[in-house]
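This report refers to the structure that appears directly beneath it.
What follows is calculated from the coordinates using simple rules that are stated; it is not laboratory data. These figures come from a predicted structure and were not determined experimentally. With ideal geometry, Cβ positions are generated from the backbone for all residues, glycine too; neighbour counts draw on all protein chains shown.
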Amino acid sequence: MQDLQNTGMNTEVKIVRAYWGGNDKLKKEIPPIPIYPNQIVFVWGSTNESFLRSRGFDTFLMPDDIPEIYRSYNGQFYRKLLALDTALSMFGEVILLDWDCYILREFDDDFYEFLREKPIQCPLYGQYEKIDESWREALQPGNLNKEGWYSICNDTFPKYTWKLGTTLVSPNFCFVYSRDRSLGKNLIDIANKHGLAGCIEEHAMYLYANCSLDDYIKKYQPRFLYGVSNDESGSDFLVNKSKKLVNEYLENSIKMTHYLKHI
Amino acid sequence: MRAIHVNWTKPFFHRDRLRGHGFNTTRELKSETYDQPDYQILYTMLSSVYWKELNGPIKLYTDSVGLAFYQQFRIPELYDEIDINFLNGYSKTDVDPAHFWTSGKIKCLANQASPFVFLDQDMIIRSKLPDSVLKSDLTVTHWEIPRGYYYFNEDDWKKDISHIEFPEGYQCFDWSPNTSFLVFNNMKILREYHDWHRKLVNTNGADTPEWFWLLTDQGILGHVIRQGDYKTNTLTDKIYLADSNYGNETTRYKGRAENWYYPMNPDYSKESIEWEHVWIDKIHYGWLPDYKQKQTQRFFDELIHLGYSEYLQHARFAKYWDEYRSKNS
């Protein structure tokens, strides 16, 4: 059995995850064992860190010095910017992945070639322009709508997205690749300057790009995943139609070769 | 008794060359990323949860891609233990994953140190197995009468196989064990089985005919059983006829070949064991989309009735929820 060593799918680039709060839904997205050896979780809270370590994850405990305005439910995604900034300062080049963003094909030479094409990569997805209405149609009552989440997003998305008919197109922070060490810091500065709320990290990325939709696709859209996969686009809900529209737009803009899926 | 499931994903990425007639639906999957048809996801869940509830713990052997795929559906929670390192390691070898797509399974079998059960993921056992079935050196699902496309004779071997000699004493017309369910009690069988498998799949790049892959899995196990005179039990005494003509009692009068036969003096008591091997039905799924839809819905509904609704929340299951609700409203 000498050929059967522990040669788990090792990525050249550090995979970075973030975890905070005690959300049961998110907890269930975390696999029982780490799938990739070259991975670290930036975690808030020692209980959460113990939970991750009990599953075998490498962790980095983040200081609990988050500005007051980002401590609420609607400010929580600021933590992803902090995780990205810390990770880039530690490793210089990282892939920040949401827990529900899955690597479904081994990273090969072609994949790393795709990474080398653009120093910063973050995929796009679509929301129907009347966000509140589309989410109420598609989601279970009460889902996510804590502390007026729907109305905050209804207010912020139109400001920080591109418009494609009735669809609002936004970066999706399910996946971020960067070898620009300053990206995290720049996004934090943008979030603070604009007092962002809701999907803070995605709005900050939009403002950071400061370009047209087509230029964003050229500069930042990865070739290997959509912001939201077509698995989520099968039904007739408005929100799903918008996601599908963006995926079709991307297919017509660049040649996609999928390696990951965000559901 | 502890069981193992195995899902080696490397064959998926070579699926244009995949051997095996049941794989048309896999070959036709358009996805660049690893994927499975819905029915495969659902019967995997059923196989695991039934085993856990009725017969004992179950461990999953898969690889990084397989575990990531399953995590979308929270399937890892349905197992007692998971290993990805073993198959990640096997993927680094140069065994042809398209021709020998069951090789990952046999390597995982060989990695076991004490008696255990292997279940194909499309093998659903809905009964607590009686001890009588779990005894013997080895228990297999059933025997098969080798006939047609996947079976060979010594002349075929000599004509088509260059990397290894025809095994001495191999009986081409003896029955072949179906390997969807295996209970290994005598670990010596496993060592001999693995040793043969390893020699057969290391082809040094030589091409092999379609029938050869089945030999490396089922055929050679039958040979090991006979050579070692190992006492082999079955889950059912019924015997499957390969390449039958789908005959039934209405066509029996004209001798149309049927799928299943009993030998003389079978043990009918085994028929009280409830099990389902989806297996050949998957070929029909490729031909009959409505039938596939109906069977997929059946697996889905059964999981709900067993109390596993929370594992059916993935967006791709929305259509099955719609159907379930419309039937139950």
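Of A:L82, A:H258, A:Y102, which is farthest towards the positive pole of chain A's charge dipole, taken about the Cα centre with +1 and -1 on the beta-carbons of Lys, Arg and Asp, Glu respectively?
Comparing the listed Cα positions along the dipole, A:L82 ranks first.
Restricting to the protein assembly as shown, compute how many DSSP beta bridges are antiparallel as a %, nearest 5.
Of all bridge pairs located within the protein assembly as shown, approximately 55 percent are antiparallel.
Based on the alpha-carbon gyration tensor of the stretch B:241-329, what equivalent-ellipsoid semi-axes (square roots of 5 times the eigenvalues) come out, in whole Å, largest first?
Whole-Å semi-axes of the equivalent ellipsoid: 34, 18, 11.
Regarding the stretch A:141-263, what's the average projected area of the Cα-atom convex hull, expressed in nm²?
So the mean shadow area of the Cα hull is 8.3 nm².
Starting from the Cα of B:D155, step 7 Å toward the Cβ, then list every residue of the stretch B:204-240 with an amide N under 20 Å from that point.
In the stretch B:204-240, the label zone of B:D155 (backbone N under 20 Å from the point 7 Å along Cα→Cβ) covers B:209-212.
Obtain the radius of gyration and the Kirkwood radius of the stretch A:88-209 from its C-alpha atoms and give Rg over Rh.
1.00
Mind listing P(r) for the protein assembly as shown? All alpha-carbon pairs, 20 Å bins, whole percents.
Percent of pairs per bin, in order: 18, 48, 26, 7, 0.
Compute the label zone of B:E53 within the stretch B:124-143: residues whose backbone N is under 12 Å from the point 7 Å along Cα-to-Cβ.
Residues B:125-128 fall inside that zone.
Could you compute the FRET efficiency for B:L29 and A:S72, with r as their C-beta to C-beta distance and R0 at 45 Å, rounded to 0.05?
Calculated transfer efficiency: 0.55.
For chain B, give the share of DSSP beta bridges that are antiparallel, in percent and rounded to the nearest 5; count only bridges with both residues there.
Antiparallel: roughly 45 percent of the beta bridges in chain B.
What's the local net charge at B:K238, with K and R +1, D and E -1, over the other residues with C-beta under 11 Å away?
-4
Where the eigenvalues come from the Cα gyration tensor of the stretch B:70-130, what are the semi-axes √(5λ) of the equivalent ellipsoid, largest first, in whole Å?
Semi-axes from the Cα gyration tensor: 23, 16, 13 Å.
Averaged across the residues of A:98-105, what count of C-beta atoms belonging to other chains lies within 10 Å of each residue's C-beta?
For peptide A:98-105, the averaged partner shielding equals 5.
List the residues of the stretch B:1-43 whose backbone N lies under 19 Å from a point placed 7 Å from the Cα of B:K92 along the Cα-to-Cβ direction.
Flagged as within label range: B:8-11.
Longer than 27 Å from Cα to Cα, which of B:K105/B:K188; A:K261/B:K327; A:K28/A:K193; A:K255/B:K319; A:K80/A:K218 are they? Say none if no pair is.
Listed pairs above 27 Å: A:K261/B:K327; A:K28/A:K193; A:K255/B:K319.
Work out the length of the dipole vector of the stretch B:4-87 about its Cα centre, built from +1 on the beta-carbon of each Lys and Arg and -1 on the beta-carbon of each Asp and Glu, and round it to the nearest 20 debye.
The calculated dipole for the stretch B:4-87 is roughly 320 debye.
What does the convex hull of the Cα atoms of the stretch B:3-286 come to per residue, in Å³, rounded to a whole number?
139 Å³
Taking every pair of distinct Cα atoms and averaging 1/r, then inverting, what Kirkwood hydrodynamic radius in Å comes out for the stretch B:120-279?
Taking the inverse mean of 1/r over all distinct Cα pairs, the stretch B:120-279 comes out at 17.1 Å.
Shielding of A:32-39 by partners, i.e. mean partner chain Cβ atoms within 10 Å per residue?
Mean inter-chain Cβ contacts per residue within 10 Å come to 4.
Starting with the highest mean, order B:130-139, A:41-50, A:101-110 by the number of other Cβ atoms within 10 Å, averaged over the residues of each peptide.
Answer by packing, highest mean first, reads A:101-110, A:41-50, B:130-139.
Between the stretch A:118-135 and the stretch B:152-229, what is the C-alpha centre distance in whole Å?
Rounded to whole Å, the Cα centres lie 54 Å apart.
Using a simple charge model, +1 on the beta-carbon of Lys and Arg, -1 on the beta-carbon of Asp and Glu, nothing else, what dipole does the stretch A:14-262 show about its Cα centre, in debye to the nearest 20?
That gives a dipole near 140 debye.
Taking each residue in B:34-47, count the Cβ atoms of any other chain within 10 Å of its Cβ, then average. What number comes out?
That average works out to 1.
Using a Debye calculation, one point per C-alpha and no hydration shell, please list log10 I(q)/I(0) for chain A at q = 0.09, 0.14, 0.16 Å⁻¹ in order.
Log10 I(q)/I(0), no solvent term: -0.39, -1.00, -1.35.
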